[in-house]
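What follows draws every value from the coordinates through simple rules; no lab data is involved. Owing to the predicted nature of the structure, the values given are computational and were not obtained by experimental measurement. A quick note on method: Cβ atoms are made from the backbone with ideal geometry, for glycine too, and the neighbour counts reach across all protein chains shown.
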Amino acid sequence: KEKTYLDTLDPEKLLQCPYDKNHQIRACRFPYHLIKCRKNHPDVANKLATCPFNARHQVPRAEISHHISSCDDKSCIEQDVVNQTRSLGQETMAESTWRCPPCDEDWDKDLWEQTSTPFVWGTANYCGNNSPASNIVMEHKSNLASGMRVPKSLPYVLPWKNSK
């Protein structure tokens, strides 16, 4: 059994295509070939089923249950599941040692202690009191120089907007 496992790892080993018996494909290219050949032979593809343990195994639909019960790759998958379950159980049992670091910041207090007026885009004057609750806009002023305006169109024409 060890020899057959090592044979399947050889990337240069030739494998027979299940869709076209004349195709001999190197093992390293086999998965790519299966996808292409399946598209080229839909009649044969409908008669075959893919093994859930190894997508390289294309088996006649009538034999898939027998193949699943005897597939060599099944034991590898089952062993992986057992190992994951064991390691998951060990991880959940370990108690976390993380603690929240001490924090001496108080953003609310800092906000009320501000002495300067906060910057607000597009506004000019505020009421006399500097508290955030009383920041009421008294006047709206444009940042453009007098006699200037915002353009009404872009300086270029978008190709899909050309309606000429």
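Using a 7 Å offset from the Cα along the Cα-to-Cβ direction at both Ile77 and Asp43, what is the distance between the two label points in nm, to one decimal?
The modelled label-to-label distance comes out at 3.1 nm.
If amide hydrogens are placed 1.01 Å from N in the peptide plane, which non-local residues have theirs closer than 5 Å to the one on Ala49?
Answer set, sorted by chain and number: Val59, Arg61.
Pairs of lysine in segment 2-82 with Cα under 15 Å and at least 8 positions apart or on different chains: total?
4
According to the square roots a ≥ b ≥ c of the eigenvalues of the Cα gyration tensor, what is the shape class of segment 2-82, taking rounded for a/c under 1.5, prolate for a/b larger than b/c otherwise, and oblate for the remainder?
oblate
If you put +1 on each Lys and Arg Cβ and -1 on each Asp and Glu Cβ, how big is the dipole of segment 2-82 around its Cα centre, in Debye rounded to 20?
Approximately 480 debye in magnitude.
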